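Read-outs throughout are calculated quantities, based only on the coordinates presented, and are distinct from any laboratory measurement. None of these values were measured; they are calculated from a predicted model. Backbone-built Cβ (ideal geometry, glycine too); neighbour counts: all protein chains shown.
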Amino acid sequence: MTGTTSPAQTAASVVAPGTAESLARLGELRLTTVFTPRRRRVTKEPSGWWVNALRIGVVVAIFAYWEIGATVGWIDTFFWSKPSAIWNTALIALGNGDLFVNAGFTFTSTIAGFLIGVIGGVGIGLSFWWSRTYALVAEPMVIAFEAMPKLALAPIIVLVLGIGISSKIAMATALVIVIQILNTYAAVRSVDSDLTTMVSSLGASKWQVFRKVVVPSVLPWVISSLRVAIGLALTGAVVGEYIGSKEGLGRMIQYAGSTYDIALIWVGVFTLALLSAVLYLGVTLLERWLLKGVARVN
Amino acid sequence: MTIAPEFTTTREPLLDDAQLVVDDVSRTFPSPDGGVVQALVGANLRVRRGEFISLIGPSGCGKSTLFNLIAGLDEPTAGSILMDGIERNGQQGLVGYMLQKDLLLPWRTVLDNVVLGLEISGVKRSDAYEIAKPLLETYGLGSFMHRYPRQLSGGMKQRAALLRTILFNRDVILLDEPFGALDAQTREHMQEWLLDLWDDFKKTVLFVTHDIDEAIYLSDRVFVMSARPGRIVAEIPITLDRPRHPSIVTSDEFIALKTTARGYLNNAHRVDGHIVVED
């Protein structure tokens with residue numbers, strides 16, 4: 001010890017020159033700066049009924065302005081139509097069953113594309129865990145496919161698969177699967193390597209590590225990506241219908257546009273919004289149910 | 001400056017009751033600048049059945065490397081690991097291994113976590129539960145068995161992890177700083193608890209710690225390691241009688257042992273005459 005003691009250490013009570021200066025300046029600052037004690041403002045959560053009343057109020061106001069504006073002449077009904085006309089068109093479309101048929105078609109292709117995309121994407125993403133070489137070769141291709149605007153593929157897909165439901169399912173799948181692969185692969189890479197080491201030290205085979213650590217670690221990621229996936233599936237299905245179809249809400253909107261039936265376009269758009277809300281709600285419930293299931297099974 | 005007597009870990013004649021033998025084991029890793037890092041050089045250990053061994057040393061002294069080699073998660077560049085006289089380089093599943101992190105699977109309850117080892121070795125879950133439940137009751141986890149790890153305190157998690165290691169049912173268990181992240185009081189409880197378990201299950205324990213007191217209090221022999229290159233520099237037999245009462249830490253004998261250990265350890269912290277500041 002004694003051999004390495006420096007002069008600075010022997011005079012321990014004397015503060016180094018730089019430190020002394022800093023201390024003096026801190027002392028000065030204490031004297032010159034004025035500190036105002038602050039009270040943290042506690043924001044009160046607004047009451048539920050008030051928020052809901054405001055929400056409804058805003059929507060009613062927009063529609064009222066639209067209706068009145070169209071009647072008075074501020075809004076050109078040729079381009080924008082008006083709520084009452086849209087309502088009448090909707091009643092007709094509901095009455096002859098067109099709306100149900102089209103919504104059902106879009107719903108079916110969306111769900112099918114969603115399921116194929118999620119299951120396929122998760123499967124492919126999980127497969128990357130098994131071989132590093134395979135993952136390294138495949139990854140840039142998946143990213144390239146992700147970077148490509150897949151909607152641009154729609155004409156080819158419709159040409160190849162025809163104007164039936166399969167081309168819509170293919171579009172929905174194409175949008176969903178890439179995101180699912182990348183998401184699952186990210187989840188696979190973030191599996192805690194200490195956990196896999198621990199399980200290996202218990203003599204687990206690769207398959208056991210996969211089943212007991214990798215799959216349960218990845219599941220929450222997959223479940224939380226389902227909401228994004230359902231939105232993409234709907235987009236894919238509708239774009240497929242725009243390009244060429246005999247049925248579907250996308251086809252209905254496209255047809256209405258080409259015949260200048262603005263009210264029918266709005267009926268299609270509102271129905272799509274409703275459909276997407278229903279799908280979103282459904283997936284949210286599915287998510288909750290799956291999370292509970294995951295907790296129970298494992 | 002006191003210089004520690006040069007300590008060489010030589011190959012003694014094989015002890016009859018040596019359960020685990022680390023025979024002249026070295027492990028080098030390629031370093032980023034193209035050279036090699038000597039993580040462990042010429043380590044020799046002979047551990048008797050039922051013995052409690054501690055390894056102490058600064059960070060980077062190769063303790064964890066040695067454990068990974070014994071657990072078969074890594075293979076030595078030279079030398080061999082023998083268990084019951086058979087070479088076991090790179091073979092997993094032969095020893096119980098527990099790390100500082102509890103590494104409980106967050107989606108499993110305590111009960112499902114502790115039976116993991118049995119489950120992997122092919123025991124039916126219901127049978128594994130039957131074995132595990134009484135043990136959980138006896139060792140203070142009875143009321144927590146259906147809880148998830150996130151609902152447990154640090155000490156309870158470590159208990160669960162240790163029971164998982166015990167239930168894995170191997171004769172040798174490696175404990176890599178199992179109590180390192182716990183507060184002093186919990187740590188003391190856990191040491192008592194570990195000694196109870198060791199007594200009940202007659203395991204051979206290798207224990208890594210930073211804490212000299214802990215090493216001396218728990219062990220039959222303490223090995224001191226040094227960094228760069230990682231090697232074993234000293235062996236201190238702990239002659240204190242068992243069972244040991246926690247108050248033993250204030251006895252003269254204990255303090256003498258501690259002074260010896262500290263002497264070796266301080267040397268271990270010096271590299272080429274410079275004090276290496278770590279942690």
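What translational diffusion coefficient, in µm²/s and rounded to a whole number, does the Stokes-Einstein relation yield for segment A:119-199 at 4 °C and a viscosity of 1.567 mPa s, taking the hydrodynamic radius as the Kirkwood radius over Cα pairs?
92
Please arrange B:V205, B:V114, B:V41, A:V278 by how many other C-beta atoms lie within 10 Å of their C-beta, fewest to most.
In order of increasing Cβ crowding within 10 Å: A:V278, B:V41, B:V205, B:V114.
Just want the answer: with Cβ charges of +1 for Lys and Arg and -1 for Asp and Glu, which residue in A:G257, B:T165, A:L23 is farthest toward the dipole's positive end in the protein assembly as shown?
A:G257
If you put +1 on each Lys and Arg Cβ and -1 on each Asp and Glu Cβ, how big is the dipole of segment A:92-210 around its Cα centre, in Debye rounded to 20?
The dipole magnitude comes to about 160 debye.
Per residue of segment A:202-215, in order, report the coupling 6.51 cos²θ - 1.76 cosθ + 1.60 (Karplus, θ = phi - 60°) as ³J(HN,Hα) in whole Hz, putting x for Gly and Pro.
7, x, 6, 6, 4, 4, 5, 4, 4, 6, 8, 10, 5, 4
Residue by residue through segment B:109-118, which ³J(HN,Hα) values in whole Hz follow from phi under the Karplus form 6.51 cos²θ - 1.76 cosθ + 1.60 (θ = phi - 60°), with glycine and proline marked x?
Running phi through 6.51 cos²θ - 1.76 cosθ + 1.60 with θ = phi - 60° gives 6, 4, 4, 5, 6, 6, 8, 3, x, 5 Hz.
Quick check: convex hull over the Cα atoms of chain A, volume per residue in Å³, rounded to an integer?
Per residue, the Cα convex hull of chain A comes to 337 Å³.
Relative to the longest principal Cα axis of chain A, at what angle does helix A:132-147 sit, 0 to 90 degrees, rounded to 10?
Taking Cα atoms only, the helix is inclined about 50 degrees.
Please name whichever of A:T235, A:L279, A:P216 sits farthest to the positive end of the charge dipole of segment A:203-298, dipole taken about the Cα centre and charges placed at Cβ: Lys and Arg +1, Asp and Glu -1.
About the Cα centre, the residue reaching furthest to the positive side is A:P216.
Can you list the residues, at least 5 places off or on another chain, whose amide H is less than 5 Å from the amide H of B:M98, using H built in the peptide plane?
B:L174, B:L175, B:D176
So what are the radius of gyration and Dmax for the Cα set of segment A:49-161, in Å?
For segment A:49-161, the Cα radius of gyration and maximum Cα-Cα distance read 23.6, 68 Å.
Could you list which residues have their amide H under 5 Å from that of B:C61, counting only those 5 or more apart in sequence or on another chain, with H placed in the peptide plane?
Amide H neighbours of B:C61: none.
For a quick protection proxy, order the peptides B:92-99, B:115-122 by their average other-Cβ count within 10 Å, most packed first.
B:92-99, B:115-122
So, with +1 on the Cβ of K and R and -1 on the Cβ of D and E, and no other charges, what is the size of the charge dipole of segment A:82-297 about its Cα centre, to the nearest 20 debye?
The dipole of segment A:82-297 has a size of about 460 debye.
With θ taken as phi - 60° and the coefficients 6.51, -1.76 and 1.60, list the Karplus ³J(HN,Hα) couplings across segment B:235-252 in order, rounded to whole Hz; mark glycine and proline as x.
Working through the residues one at a time gives 10, 10, x, 9, 8, 4, 5, 10, x, 9, 8, x, 5, 4, 5, 9, 6, 4 Hz.
Please report the Cα spread of segment B:100-169 along all three principal axes, rounded to whole Å, starting with the longest.
For segment B:100-169, the Cα spread along each principal axis is 29, 21, 19 Å.
With Kirkwood's inverse mean 1/r over C-alpha pairs for Rh, give me the Rg to Rh ratio of chain B, two decimals please.
Looking at chain B, the ratio lands at 0.97.
Over the Cα atoms of the protein assembly as shown, Rg to Rh with Kirkwood Rh, two decimal places?
Using Cα coordinates only, the ratio equals 1.14.
How big is the dipole moment of the protein assembly as shown about its Cα centre under a simple scheme where the beta carbon of each Lys and Arg is +1, that of each Asp and Glu is -1, and everything else is neutral? Debye, nearest 20, please.
Magnitude of the dipole: close to 1800 debye.
Of A:M148, A:M141, A:M252, B:M156, how do they rank once you tally other Cβ atoms within 10 Å and put the fewest first?
A:M141, A:M148, B:M156, A:M252
I'd like to know how segment A:135-250 sits against the 2.2 N^0.38 Å rule of thumb: what's its Cα Rg over that expected value?
1.37
Enumerate by residue number the trypsin sites (Lys or Arg not before Pro) in segment A:203-258 meeting two conditions: DSSP loop (anything except H, G, I, E, B), and at most 13 other Cβ atoms within 10 Å of the site's Cβ.
Loop-located and lightly packed - A:K246.
Please rank B:K157, A:K150, B:K133, fewest neighbouring Cβ atoms within 10 Å first, as an exposure proxy.
In order of increasing Cβ crowding within 10 Å: B:K133, A:K150, B:K157.
Hey, could you get me the Stokes-Einstein D for segment B:19-178, Kirkwood radius over alpha-carbon pairs, 20 °C and 1.002 mPa s, rounded to whole µm² s⁻¹?
Roughly 125 µm²/s, to the nearest whole number.
Given the rule -39500 (n - 2.57) for each run of at least 4 DSSP H residues, summed and divided by the residues of the protein assembly as shown, what is its mean residue ellipticity at 222 nm, to the nearest 500 deg cm²/dmol?
Calculated from helices alone, the mean residue ellipticity at 222 nm is -18000 deg cm²/dmol.
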